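For reference, the structure discussed in these notes is given below.
The values are calculated or read from the model by the stated rules, or taken from the named source; none is laboratory data. Just so it is clear, the structure is predicted and the values come from calculations on it, not from any experiment. Using ideal geometry, Cβ is built from the backbone for each residue, glycine included, and neighbour counts are taken over all protein chains shown.
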Amino acid sequence: MLGFATARRQRVAPGRRGGIWAAGPAAVHPVRPAIHAAILTAAVAAVLVVAPRSAAQPGTGEPDASGMEAGGYYIIDAEPVRADAELGGPGRFSGVVPLAIPGDITGSFQLDVTARGYEDQRLRVDFPGGAGPLSWRSPRPAHAAGVAKALLWPGLAEIASETGDAYRGYGFATAGGAGVIGILAAWNRQGNAEDDLATALEREGDTPGERADLALAAAAHGATAEAADEAVNDWIYLTAAAWGSSLLDTYFLTPGPGQVTEDLTELRFRMQPLARSEAVLRSLVPGLGQYYAGRRTAGQIAFFSGLAAVSGLLMAEHSYDEAVHTAVAYGELYSDPLADPEQVAVYRTALDAANDTADSRQTTRNIMAGITAGVWVANLIDAYFGVPRVESAEARRPGDGVLPEAPRLAIRPHVSWPERAAGAVFAVSF
């Protein structure tokens, strides 16, 4: 997304004018296309890696005689751990599985099944009432209204509770808004610079000094227009990344149905342990790895920290780009062999000032690049080590075929110097 323009100042021998800037406008942003291609490649790779893990088919609700054992209740169960189930949001039906739901319930409700150290599972359950056969489907928006919300604005489908998790939606909506504001601001700056350039070109100075000032003004406005045009492209890529990440999250990364089996009146979930590798993969977009591990607060901190760092880096990069373009334009004026000596002196003063400005802004850009890299690396480390361990053997469901932990032997040697005695304590835990 970012291109780092490089310009090299050369010494000029006394009595002659040379090219102050070795790099002209064509040398600016040589790596932008490669970085943009890398972003698209990473997005495609994330879809190919994550999508197969997220696929699930809706329940059929076909009769099974074993389901009638539940009698007048619907049963929500999970294995191999004690999981928490929540139906229809807080205050309705929630508790530790197996959870019994009165058979007279009717309607469509979101069901969340969670356990520490395991992937969250979420689906929508349709209850016909009268303990009739239930059915379920994925909570991800597949109907026209849900798809329209997902496409209309980043995070809108999640904010509108299509997937039941507005926390992530607010982050993507903010990122999309930052990108659009950046595009509009850069467009406005480009238009103003082009208008000022046209005005400067129409004016004519009476003295060499006035003509030099007008030439410098025109060069500065042209440099601003060029830098703003490049800034538009960068903000467009940020906005596209927010939109693409939002769609990826809505349809593949938000909790969905995992391994679910059903009969007439019972749903049984097979809980899958969290994987550190997947947490790190998702954290290529800061915060999504933390959300995957069920750490919402950490996810919000990582996401908004990353967004703030990237936005600051973009603004610092664009400011540096403008300074480089300005210095290059001033260098071309200074190198003009037809320039009047009085104009040359004015150009040299302006060029030195532009060089100093470019150096200062380059330092700021490098600092912001370091901060952004630090935030991103810290996010990856936090995602890796923040994945909670699976529940201990005491929390596992008995009789589910889970092997107990093996006995552990602990040896604690001890030495007593005054008594010149030594020994060891042996302890066995089951």
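Say whether the condition of being more than 24 Å from the chain's Cα centre (by Cα), of a type in the set (Asp, Glu) and closer than 30 Å to Asp340 by Cα is met by at least one residue in region 227-243. Within region 227-243, not a single residue is more than 24 Å from the chain's Cα centre (by Cα), of a type in the set (Asp, Glu) and closer than 30 Å to Asp340 by Cα.
Quick check on Arg122: is it modelled with pLDDT of 85 or more and surrounded by 20 or more Cβ atoms within 10 Å (Cβ to Cβ)?
Yes: the conditions hold for Arg122.
Tallying residues that are small (Gly, Ala, Ser) and under 18 Å from Ala302 (Cβ atoms) within region 348-382 yields 4. Restricting Ala241, Ala225 to residues that are farther than 23 Å from Gly169 by Cα and either among the aliphatic types (A, V, I, L, M) or surrounded by 19 or more Cβ atoms within 10 Å (Cβ to Cβ) (or both) narrows the list to Ala225. Of the residues making up region 88-116, just one is at pLDDT below 85, assigned to a strand (DSSP E or B) and surrounded by 17 or more Cβ atoms within 10 Å (Cβ to Cβ), namely Phe93. Taken over region 225-245, the residue count meeting the criterion of being over 11 Å from Ile183 (Cβ atoms) and touching a residue at least 60 places away in the same chain (Cβ under 8 Å) is 8. Residues in region 343-373 that are hydrophobic (A, V, I, L, M, F, W, C) and in contact with a Pro (Cβ under 9 Å, 6 or more places away or on another chain): Val346 alone. Exactly one residue among Val285, Val260 is within 24 Å of the chain's Cα centre (by Cα), outside the structural domain of Ile105 (by TED's automatic domain parsing) and crowded, with 16+ Cβ neighbours inside 10 Å, and that residue is Val285. For residues that are of a type in the set (Gly, Ala, Ser) and in contact with a Gly (Cβ under 7 Å, 6 or more places away or on another chain), scanning just region 76-131, find the one that is farthest from Glu278 (Cα to Cα). My answer is Gly130.
Can you tell me which residue in region 201-226 is farthest from the chain's Cα centre (by Cα), limited to those that are within 17 Å of Ala345 (Cα to Cα) and of a type in the set (A, V, I, L, M, F, W, C)? Going through the qualifying residues, I end up with Ala212. Exactly one residue out of Thr224, Thr199 is of a type in the set (S, T, N, Q), under 30 Å from Leu314 (Cα atoms) and either touching a helix residue (DSSP H, G or I) at 6+ places or on another chain (Cβ under 6 Å) or not assigned by TED's automatic domain parsing to the domain that holds Ser335 (or both): that is Thr224. Taking the numbered list (1) closer than 30 Å to Leu151 by Cβ; (2) assigned to a helix (DSSP H, G or I); (3) of a type outside the set (Phe, Trp, Tyr); (4) at pLDDT 90 or above in turn, Ala217 passes all entries but (1). The set of residues from region 120-129 being under 13 Å from Gly107 (Cβ atoms) and out of contact with any Asp or Glu (no Cβ under 7 Å at 6 or more places or on another chain) comprises Arg124, Val125, Asp126, Phe127, Pro128.
Please verify whether Thr261 is part of a strand (DSSP E or B) and free of Cβ contacts under 8 Å to residues at least 24 places away in the same chain, treating the condition exactly as stated.
Yes; evaluated as a whole, the condition is true for this residue.
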